[in-house]
1. Contact order normalised by length for the chain, with contacts defined as Cα pairs under 8 Å and 6 or more residues apart; what percent is it?
2. Looking at the chain, which longest stretch skips every one of the GluC sites (Glu not before Pro) that is in a DSSP loop with at most 11 other Cβ atoms within 10 Å, leaving the sites themselves out?
3. Can you give me the convex hull volume of the Cα atoms of the stretch 1-51, divided per residue and expressed in Å³?
4. Where does the chain land at 222 nm, in deg cm²/dmol rounded to the nearest 500, when only DSSP H runs of n ≥ 4 count, each adding -39500 (n - 2.57), divided by all residues?
5. For the chain, find the longest principal axis of its Cα atoms and tell me its angle to the long axis of helix 135-148, 0 to 90°, nearest 10.
6. Report the Rg/Rh value for the stretch 182-232, based on alpha-carbon coordinates and the Kirkwood definition of Rh.
7. Rank Leu153, Leu169, Leu97 by mean-square fluctuation in a GNM of the chain with C-alpha springs under 10 angstrom and give only the top-ranked residue.
8. Need one word for the stretch 108-176: rounded, prolate or oblate. Basis is the Cα gyration tensor (sqrt eigenvalues a ≥ b ≥ c); a/c below 1.5 gives rounded, then a/b vs b/c decides.
Amino acid sequence: MMIKEECLICKAPLEYLNEDVEMECAICHKKEFSKTRCINGHYVCNECHTQGIDSIFGVCFATTSKNPVEIIQKMMELPFCHMHGPEHHIMVGAALLTAYKNAGGDIDLSKALSEMKNRGQSVPGGACGFWGACGAGISSGMFISIISGSTPLAGAPFGLANRMTAKSLEAIGSVGGPRCCKRDSFLSILAAIDFVKEHFGVEMEKPEIICDYSARNNQCLGKKCPFSKVNH
């Protein structure tokens, strides 16, 4: 039977606090403030949660796929990737950058992926609930920012990057919670495929998605999820 993932240390359910509390990471023992821990008190920092993230670059450089869903699914199958976690804040943008490049987008993929990692890892786990902005959706905006060369002083690229994030968050918010990092990643990628075709003239492949992760998600929405097997 597949283990449903919660705490990375003991598999106990997570709890979310109303205010930041000083925690000690159960893996690296770094102390920092967070609202998230398991009911047994274990806390894992973002850095430890994403340990092994560099392995996604092997997927990116090895594929010729124009399908960002296919690419991120390969990343999701890597040993380091959990059911939920801040690794998705990097993976969404990385999969989009790779598919964009393979579909004819004019970028230096190596530099773009490095920048995506630097930006994505700054978005902590739990942003979806605490910030009102899911990290997967933000990652799609980072993707647009990178390919358009946006900065805080840019004109059109600034607008495009923010509009991309807004479209992803609208899709995520329309489905509602509780969070699912797989579902929110897929929703963000689908929104980005349409956005890039419209505004950049680059057409990535857009597949039908049927989720295979529900058995690992204690909070799965079941048939309410647009990617549920029962809906296909």
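The values are calculated or read from the model by the stated rules, or taken from the named source; none is laboratory data. A quick note: this is a predicted structure, and the numbers were derived from the prediction, not measured. Reconstructed Cβ throughout: ideal geometry from the backbone, glycine too, with neighbour counts over all protein chains shown. Side chains included, ligands, DNA and RNA excluded: accessible areas come from the protein's heavy atoms. Shrake-Rupley method; radii C 1.70, N 1.55, O 1.52, S 1.80 Å.
1. RCO, the chain: 18 percent.
2. Answer from the scan: 78-207.
3. Given the Cα convex hull of the stretch 1-51, per-residue volume reads 77 Å³.
4. That calculation yields -14000 deg cm²/dmol at 222 nm.
5. That helix lies at roughly 30 degrees to the long axis.
6. 1.07
7. Result for the chain, Cα springs under 10 Å: Leu153 fluctuates most.
8. oblate
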